[in-house]
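What follows draws every value from the coordinates through simple rules; no lab data is involved. Fair warning: this is a prediction, and the values are worked out from it, not measured in the lab. Cβ sites come from the backbone with ideal geometry, for glycine too, and all protein chains shown count toward neighbours.
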Amino acid sequence: MVKLLKSGRFKTAYWSAVSIAAALLVSVQPVMADTIWNRFSTIMKDVYGQIVTISTIVAVTVAAIALVVRMVSRNQRAVDEATSWLKRIVITWIVLNSLGFVVAYLQPLIAGGKYTG
């Protein structure tokens with residue numbers, strides 16, 4: 001048995017079998033699995049959805065505070081600051097929410113890395 005293990009034919013047959021098995025494992029194509037880009041797209045949609053949800057809640061809360069300050073304050077400087085903050089909040093919220101529409105519109109144009117525009 002030891003003589004068989006040390007022979008050159010056994011080593012050649014063993015390494016041939018190992019290389020064939022490795023080649024088969026590498027060449028197997030997953031049929032039903034997502035590609036990395038599909039999975040990345042799904043994750044990014046989920047993250048973007050969570051960001052939009054959180055930003056909407058924060059924007060409404062801070063905008064309500066700014067409106068209350070604007071309505072009850074007798075100091076003109078505080079009213080101007082509250083108005084300025086309200087404008088910033090609305091613009092930022094619109095930009096953040098419109099990013100999803102921009103990506104959804106541009107994605108079909110550059111699908112597959114073949115931009116034809």
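Dividing the C-alpha radius of gyration of segment 15-98 by 2.2 N^0.38 Å, with N its residue count, gives 2.23.
Per-residue counts of other Cβ atoms within 10 Å, averaged by peptide: what ranking do you get for 58-65, 72-79, highest first? Walk me through the numbers on the way to the answer.
Numbers: 58-65: 13.5, 72-79: 10.5.
Averaged packing, sorted descending, gives the order 58-65, 72-79.
For D80, the shell of other residues with beta-carbons less than 14 Å away shows a net charge of +4, using +1 for Lys and Arg and -1 for Asp and Glu.
With each label modelled as a point 7 angstrom along the Cα→C-beta vector, the I91-F40 pair spans 3.2 nm. Fully extending the segment from I20 to V68, taken as 0.36 nm per residue of separation minus the present Cα-Cα distance, adds 9.9 nm. Counted by Cβ distance under 15 Å from A63, the other residues give a net charge of +2, where Lys and Arg count +1 and Asp and Glu count -1.
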